[in-house]
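Only one structure is covered here, and it is reproduced in the block below.
The values are calculated or read from the model by the stated rules, or taken from the named source; none is laboratory data. Computed from a predicted structure; not experimentally measured. With ideal geometry, Cβ positions are generated from the backbone for all residues, glycine too; neighbour counts draw on all protein chains shown. For accessibility, only protein heavy atoms count, side chains too; no ligands or nucleic acids. Shrake-Rupley method; radii C 1.70, N 1.55, O 1.52, S 1.80 Å.
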Amino acid sequence: MAISAVKGFRDGLGPAACLSREIEEAAAGVLESYGFSEIRLPILERTELFARAIGETTDIVEKEMYTFEDRDGSLITLRPEGTASVVRALVEHHLDQKDSILRLYYAGPMFRHERPQKGRHRQFYQIGCELFGREDALADAEVLVCVRDILDAVGIPDARILVNSLGDENCRPAYREALRAWAERRQEGLCRNCIGRLGRNPLRILDCKVESCRETTAEAPVLRDHLCDPCGEHFAKVLAFLDGLGVAYTVDPRLVRGLDYYVRTTFEVTAEGLGAQAAVGAGGRYDGLVAQLGGPRMSGIGFAFGVDRLALALEAARPGAEERAGAALAPAIFLVSLGTEAEADALALARRLRALGVRVELDGGRSLKSLMRRADKLGASRVLILGEEEVAARRGTLRDMVGKKDEKLAVDFDLQGPALLDALGVER
Ligand code: AMP
């Protein structure tokens with residue numbers, strides 16, 4: 001019996017792979033223009049890294065990690081996210097001693113044992129970044145503008161950025177108690193999960209998806225009204241920077257992150273057409289995390305986009321995006337070698353064209369009719385035929401396939417460089 005992929009793990013085929021790559025390249029291009037440089041991280045880490053960084057009581061650590069015993073008995077985990085690894089690398093390589101400000105980005109697969117559905121997979125791809133060493137509101141604003149620029153570059157300018165401030169260790173504890181006290185009086189409207197959360201992490205009741213919880217907490221006190229002066233000023237400054245640039249956002253008082261090290265600015269990006277999994281990205285400030293993982297006191301802010309969801313959002317916003325991305329797979333030249341005399345010349349010519357950046361499909365050893373059929377199927381715009389006669393005359397027969405004109409041209413295939421491209425009508 002044939003073997004299939006593991007549930008929740010998918011193959012990225014042809015056009016889908018092209019679209020993912022386009023998205024990653026667009027995002028990476030923006031990140032690099034913001035001064036971020038790539039860090040290539042391991043896919044496996046020690047389990048304790050995620051337990052300590054993400055938190056023992058989070059869904060990810062409690063239920064979703066792919067954790068294995070290594071051959072030496074130690075516990076290792078397929079990374080469920082990137083931030084913990086970036087911070088681990090920072091601490092391990094003392095990157096803070098090389099520069100007081102660090103801008104790093106990463107891209108690659110993440111693994112979470114979630115229930116697979118549209119937009120939710122067990123292996124999915126993220127591209128994300130982290131900015132360390134800056135506490136000022138300008139840094140938060142810059143990161144949010146970067147998020148907007150990535151959305152524009154990818155092609156989903158209508159995606160929404162939701163922002164909130166989580167306060168800090170000075171103002172959040174009092175708010176947490178106020179929220180807990182408020183919620184304890186309204187337990188009948190909360191789900192079991194939320195009642196359980198009240199003790200450990202009452203903020204999470206605000207982002208519960210259960211309808212009765214949403215209705216109940218609609219009137220809950222909001223953190224924004226409880227921010228201390230420095231946090232309030234910081235948030236106001238961030239928003240003022242965004243307003244100044246005309247970068248659209250929505251303040252969402254329900255937006256919380258469950259972990260203690262998150263402070264101040266937090267945000268989520270949502271897009272249309274994704275059903276229940278509307279979040280295409282998320283991020284925020286996490287000033288305590290580096291120290292928590294044994295590093296120096298160094299502030300941090302970052303975000304991660306889900307590439308698979310960006311692709312879904314792009315397809316929804318611009319139907320045919322995947323097909324258009326896949327069009328890049330069509331060869332510019334379909335090079336046919338007819339008969340054994342032409343083979344060596346065809347191989348050499350294909351190589352010369354490829355070195356000029358032309359996508360060439362080389363084929364031969366069959367009838368011209370079946371070769372032309374394949375050229376057509378691949379969507380090749382031009383077919384260049386080298387047969388016995390062509391080799392003798394040093395001129396290939398070029399057929400223009402666009403519009404099925406079937407115009408034949410004799411092209412000197414010994415031409416070099418741009419002259420060869422011009423003769424073949426290939427765009428430079
Ligand atoms: P998080 O690290 O949970 O904040 O996720 C950041 C982004 O990654 C989300 O906004 C999603 O776009 C994407 N993401 C998270 N989990 C999954 C998943 N299981 N499948 C696909 N994309 C995901």
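The heavy atoms of ARG352 present about 70 square angstrom of accessible area, all protein chains included, probe 1.4 Å.
Using the Karplus relation 6.51 cos²θ - 1.76 cosθ + 1.60 with θ = phi - 60°, the per-residue 3J(HN,Hα) values for the range 207-218 come to 10, 5, 8, 5, 4, 5, 5, 5, 5, 5, 7, 4 Hz, with x marking Gly and Pro.
Annotation: peptides 248-254, 124-130, ranked by per-residue average of other Cβ atoms within 10 Å with the highest first, follow the order 124-130, 248-254.
Size descriptors for the range 331-424, from the alpha-carbon set: Rg then Dmax equal 11.8, 31 Å. Over 26 Å apart at the Cα level, from the set LYS98/LYS237; LYS209/LYS237; LYS63/LYS98; LYS63/LYS209; LYS377/LYS408; LYS118/LYS209, are LYS98/LYS237; LYS209/LYS237; LYS63/LYS98.
Here is the tail figure for the range 274-366: Cα pairs spaced more than 19 Å apart come to 68 percent of all pairs.
Summarised in one figure, the compactness ratio Rg/Rh of the range 46-108, Cα atoms and Kirkwood Rh, is 1.03.
Relative contact order, percent, of the chain when contacts are C-alpha pairs under 8 Å separated by at least 6 residues?
15 percent
With Cα atoms defining each centre, the range 221-250 and the range 69-112 are spaced 31 Å apart in the structure. Taking every alpha-carbon pair within the chain, the share separated by more than 29 Å comes to 57 percent.
Peptide packing: for 301-313, 43-55, the average count of neighbouring Cβ atoms within 10 Å per residue gives the ranking 301-313, 43-55, highest mean first. Taken over the alpha carbons of the range 124-218 as equal point scatterers, the Debye sum produces base-10 log I(q)/I(0) values at 0.12, 0.15, 0.18 Å⁻¹ of -0.60, -0.83, -0.95. Building the convex hull from the alpha-carbon atoms of the range 1-87 and averaging its projection over directions returns 8.7 nm². The convex hull built on the alpha-carbon positions of the range 72-147 has an orientation-averaged projected area of 7.4 nm².
At an R0 of 41 angstrom, the distance between the Cβ atoms of ASP99 and VAL247 translates into a FRET efficiency of 0.90.
Taking amide H positions as modeled 1.01 Å from N, with prolines and chain starts lacking one, no residue 5 or more places away or on another chain lies under 5 Å from VAL426. Per the Debye calculation on the range 270-428 with a single equal scatterer at every Cα and no solvent contribution, log₁₀ I(q)/I(0) for q = 0.09 Å⁻¹ amounts to -0.50.
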